[in-house]
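Have a look at the structure below before the remarks.
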Amino acid sequence: MVTIAVIGLGNRGFMYAKHFLKQGAQIVSVCEKKPELLKTGANTLKVSSDKAFSDEKDFFAQGKIADAMIIATQDRDHYGHAKQALELGYHILCEKPVSPIKEQCEELDKLAREKNLHMVVCHVLRYTQYYDTIKKVIDSGMIGEVTNLNLVENVGYFHFAHSYVRGNWRKESETGPSILAKCCHDLDMIYYLTGKKALKVYSVGSRKAFLPENAPAGAPSHCLSGCPESATCPYHVNKIYLRPTLHSFPYMIMHKRIICEKPGTSMKEFREILKTSRFGRCVYKCDNDVIENQVVSLKLENDINATLTMTAHTNKCFRHTRICGTKGEIIGEGGKFKVNVFAGKKKKYSFGILESIGHMSGDAGITRDFLKLLQTGELTSRVSLMSETIESHMNAFAAEESRKTGKEIDTAEFRK
Ligand SMILES: NC(=O)c1ccc[n+]([C@@H]2O[C@H](COP(=O)([O-])OP(=O)(O)OC[C@H]3O[C@@H](n4cnc5c(N)ncnc54)[C@H](O)[C@@H]3O)[C@@H](O)[C@H]2O)c1
């Protein structure tokens, strides 16, 4: 039986661990700083209390006690945790982004290769039915040779407000730039679908909405402290968390446990917590600084052009895809896409509601492929090892360099 240790039992780590458990692996040890999440997490995952740690020093001091480690702490912690895990001889399933620091990504790639260990990065979109099928259509030759890709990451006003204005990914110095945090998946998808590396990268971006000067007159620091715009502001916590829309509902259910730092909180308690929580802050009075909307243009090998747009200012949270080939095109969004073969047949693919609101099938798929890799050594084409992940991360770093300097980046020069 494959054995697994987990560090970070928040949203992602707990979810992966539950998938592994369901798929027949054993979770042997966990580490989580927040006491309630540690207690309930260890319980659910059937980890004995002497193997559940709140301090990472005690957790790593156990040495190598499992086949693999899930690293699902925050973005700037992955490097330190992954380095320790690789040095102890663990295979790793590491959340993305691996690190917002270029040299740290390169170092981990080198270390994993030297130690001959699998460092798999959670580019979960690869495992969704939507992208898995698009990849199969491209590989079948149905649209000929790919010439152009336009990907749009519609983050959703409610999701951006939660994660990138009030939440964990709001401040570059604490996490990294939003093009890395949110869109390393999309940059990975450009590489994964074409198999081609970027030669040149250019990017522009801006912040326009979530700025102090846009705060309504008389707005308090927290929405529930009597904001005069409570009825009209789309970002008021009443609308985002307490009475979500059909689109925002699944995200908010998922995030309640994290905001409250414990499961099973009543709506009444949740409201109380929001009165003082950082998630209850006025979106115009937060300490956010990450870019709200950014466009990246890439010139790939084989003369393929690609663009990626990331924007906070959309009503729904979904990804839009348009891939052009010499003999046809793929147009899709959320959980469905169509293929138009020029002067030929049209084909529609649809994967249902769950696929259209996130990457749930991807989350289950990555744990299945990772388990298979540990059990049989079989590396499916979906698995993004650190050696491949470098591509998406370097392109995000190059995009940031371009956005900040206004210059087109030659990736070969940039990587030297
Ligand atoms: N693959 C994806 O699509 C995807 C989606 C969302 C988030 N992420 C990434 O996954 C990671 C985790 O995100 P999340 O949403 O689960 O965040 P989260 O805040 O819910 O979970 C992180 C957990 O790690 C714990 N933690 C942090 N440092 C620790 C330490 N030193 N020792 C023990 N516990 C520690 C925190 O207390 C927290 O509970 C982030 O890097 C994030 O960017 C990836």
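All of the numbers you see were taken from the coordinates with simple rules; none came from a lab. Note that the coordinates shown come from a computational prediction; the quantities given were computed from them, not determined experimentally. Cβ atoms come from the backbone with ideal geometry, glycine included; neighbour counts cover every protein chain shown.
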Next on the checklist: For Lys285, give me every one of the aspartates and glutamates with a C-alpha distance below 18 angstrom, ignoring sequence neighbours fewer than eight places off in its own chain.
Outcome noted: Glu172, Glu174, Glu213, Glu229
Checklist entry - If the viscosity is 1.567 mPa s and the temperature 4 °C, what Stokes-Einstein diffusion coefficient in µm²/s follows for the chain when Rh is the Kirkwood radius over Cα pairs? => result 58
Checklist entry - Between the range 285-330 and the range 175-212, what is the C-alpha centre distance in whole Å? => result 7
Checklist outcome for this item: Between His123 and residues 5 or more places away or on another chain, the pairs with built amide H atoms under 5 Å apart involve Ser384
Item to check | Extreme residue, positive dipole direction of the range 3-121, given options Phe60, Tyr16, Pro97 (C-beta unit charges) | outcome: Tyr16
Item to check | Fewest-first ranking of Leu180, Leu117, Leu211, Leu274, using other Cβ atoms within 10 Å as the exposure measure | outcome: Leu211, Leu117, Leu274, Leu180
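Might you report the magnitude of the Cβ-based charge dipole of the range 212-280 about its Cα centre, with Lys and Arg at +1 and Asp and Glu at -1, to the nearest 20 debye? Before the final figure, lay out each step's value.
On the way: 9 positive and 5 negative charges, 59 e Å.
Dipole size: approximately 280 debye.
Calculated FRET efficiency, Lys33 and His313, Cβ-Cβ r, R0 56 Å, to nearest 0.05? Can you show the working numbers first?
Values: r = 34 Å, r/R0 = 0.60.
E(calc), rounded to 0.05, equals 0.95.
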Checklist entry - Once you charge only the Cβ atoms, +1 for Lys and Arg and -1 for Asp and Glu, what is the size of the charge dipole of the range 148-276 about its Cα centre, to the nearest 20 debye? => result 120
Checklist entry - Most exposed first by the Cβ proxy, i.e. fewest other Cβ within 10 Å, how do Asp58, Asp186 rank? => result Asp58, Asp186
Checklist entry - What list of ³J(HN,Hα) couplings, whole Hz, do you get for the range 318-330 from phi and the Karplus terms 6.51, -1.76, 1.60, once you set θ to phi - 60° and write x for glycine and proline? => result 6, 10, 10, 10, 9, 10, 9, x, 5, 10, x, 9, 10
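Net charge near Asn293, counting Lys/Arg +1 and Asp/Glu -1 over other residues with Cβ under 13 Å of its Cβ?
Numbers: positive: Lys182, Arg207, Lys208, Arg403; negative: Glu153, Glu292.
Net local charge, Asn293 excluded: +2.
So if I place +1 on the C-beta of Lys and Arg and -1 on the C-beta of Asp and Glu, and nothing else carries charge, what would the dipole magnitude of the chain be about its Cα centre? I want it in debye, nearest 20.
On the way: 59 positive and 47 negative charges, 263 e Å.
Magnitude of the dipole: close to 1260 debye.
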Item to check | Which listed pairs, of Lys256/Lys348; Lys115/Lys407; Lys18/Lys57, have C-alpha distances above 32 Å, in listed order | outcome: Lys256/Lys348; Lys115/Lys407
Item to check | Amide hydrogen neighbours beyond the local backbone of Val2, cut-off 5 Å, H modeled | outcome: Gln26
Checklist outcome for this item: Once the dipole of the range 192-245 is set up from charges on Cβ (+1 Lys and Arg, -1 Asp and Glu), the residue from the list Val201, Ser230, Ala215 lying farthest towards its positive end is Val201
